[in-house]
1. Confirm whether residue 260 is buried (at least 17 other Cβ atoms within 10 Å of the Cβ), assigned by TED's automatic domain parsing to the domain that holds residue 133, under 29 Å from residue 95 (Cα atoms) and touching a Lys or Arg at 6+ places or on another chain (Cβ under 6 Å).
2. I want to confirm something. Restricting to region 72-108 and keeping residues that are of a type in the set (Val, Ile, Thr) and either closer than 30 Å to residue 248 by Cβ or touching a Leu at 6+ places or on another chain (Cβ under 6 Å) (or both), which single residue is surrounded by the most Cβ atoms within 10 Å (Cβ to Cβ)?
3. Do you know which residues across region 277-316 are surrounded by 13 or more Cβ atoms within 10 Å (Cβ to Cβ), small (Gly, Ala, Ser) and under 16 Å from residue 264 (Cα atoms)?
4. Taking into account only those residues within region 419-442 that are among the basic types (Lys, Arg) and assigned to a strand (DSSP E or B), which is nearest to residue 148 (Cα to Cα)?
5. Can you tell me which residue in region 210-253 is nearest to residue 305 (Cα to Cα), limited to those that are in contact with a Gly (Cβ under 7 Å, 6 or more places away or on another chain) and part of a strand (DSSP E or B)?
6. Mind counting the residues in region 266-320 that are touching a residue at least 40 places away in the same chain (Cβ under 8 Å), at positive phi and under 25 Å from the mean Cα position of the chain (by Cα)?
7. From the residues in region 318-336 that are in contact with a helix residue (DSSP H, G or I) (Cβ under 7 Å, 6 or more places away or on another chain) and at pLDDT 95 or above, which one is farthest from residue 260 (Cα to Cα)?
8. In this structure, does residue 369 turn out to be touching a residue at least 12 places away in the same chain (Cβ under 8 Å), surrounded by fewer than 21 Cβ atoms within 10 Å (Cβ to Cβ), assigned to a strand (DSSP E or B) and of a type in the set (Lys, Arg)?
Amino acid sequence: MEQEQEEERRILLLLLLMLLLLRVTLFESPPHGSPAPTPRLPSGAVVGTLRGLMRDWIRAMTERTETFVLEVISGERQDKKAAVARLFLYGLSRVFAVAIKTRRFLYNVRILRDSTLGVQVIAVGNLTVGGTGKTPVVEKFARELQDQGRTVAILSRGYRSKPPPLTRRLVNRLLLRSVTTPPRVVSDGRSLLLDSETAGDEPYMLASNLKDVIVLVDKDRVKSGRYAIEKFGCDTLLLDDGFQYWKLAGRRHDVVLIDWQEPFGNEQLLPRGTLREPPSHLARASTFFITKSDGDTTALRRRLNEHNPGAGIIECIHHPLYLEDVFTGTQHPLKILKGQQVASLSGIAQPESFERSLVHLGADLVYSKRFADHHRFTQQEILNALNRSKKRQATAIITTQKDAVRFPKIDRRDLPIYFMRVEIKIIAGATDFHDCVRRICFR
């Protein structure tokens, strides 16, 4: 409720500012005795401000809608409005199921064609929407492959990245330039070239952690893959969130991440549930990664074997390494959390898992603030979190690395803000990640 009221105040303020700017811009007050003011066109600066305000308003409304839908499909909302919404979403999910199966059929009968680029392709993805811990797995694959002599490029679609200006996109489409426009280069293997807003938080995070790996962003990953091969001489392409990207085939290995805590969500397809495809489509997988495993996976393994008995199964956990100051980069051991009162701040798909990990490390979680997945934080939101954390006697605010790349710069730092650095740790199915990559890529 508090978050909804805050969003409503923010939206109202944005609308009032837009109206005020329009009034001041279109009608300047003349000197006494002068003729009545005449309308004039807004200046470029004002138009840019209005555009930014409108973008913030659209983003706020999108996040509110997304939060409402997630609460509806998870069953958190049980009012009449939610019941009607669930019925409507169920109807849409039936349409979505037909669309997915039709598209898969068209690829199977070669009406829709895939492409082969002649290099190793490893697609890391999942069956559900968000929350499986995909980015650390992609990072670990890239690092291990690079260490074993491969020239790796990570290909991402740049979900929620800042798109090019609308006019440029329209011109490119009209002049058929979309195919020839190069992908965005987040990292050329030497330097980080884009910010998190332009690149998208996940590609930016991967490029920050992998200094010698090429990271490219484009919806057309056949195009970006070809660019990686021709421009950088890459021999291995890693598709971030690539299980549903069927246009790129060839020497392809599909690694599908299954969250042990919620392997199939509520068993419903989008938008009534969180499944992107029916579980039967797991037959395309080459290897399953059971993430956030507690070791008791017998029932889940049985279910996976029903859909794909030939796929390998590897179990892993997200292993915390250390804390790092969001603004200074100073690293601290995890033991500083033990017995400390801390607050959490996150905008990820499954914040509960992150918050549990803080408690597991011995922290006393006195305040937590959650935003929608991929939320881009404002200065005021960070300041609000600082104020509320101080009121509850928190000694630090902890966030995730994925969230930290979306933080704005702030001058006031009453409390330290750390992100928790994590990596993937294999617990079953392979000796370690070196053995895992060797089995998948070098057999």
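1. yes
2. Among them, the one singled out is 100.
3. 285, 293, listed by residue number.
4. Restricting to residues being among the basic types (Lys, Arg) and assigned to a strand (DSSP E or B), the top hit is 425.
5. Once the filter is applied, the top-ranked residue is 248.
6. Selection size over region 266-320: 1.
7. It comes out as 326.
8. When the stated conditions are applied, residue 369 passes them.
The values are calculated or read from the model by the stated rules, or taken from the named source; none is laboratory data. Everything quoted here is computed from the prediction, not taken from an experiment. Note that we place each Cβ from the backbone using ideal geometry, even for glycine, and neighbour counts take in every protein chain shown.
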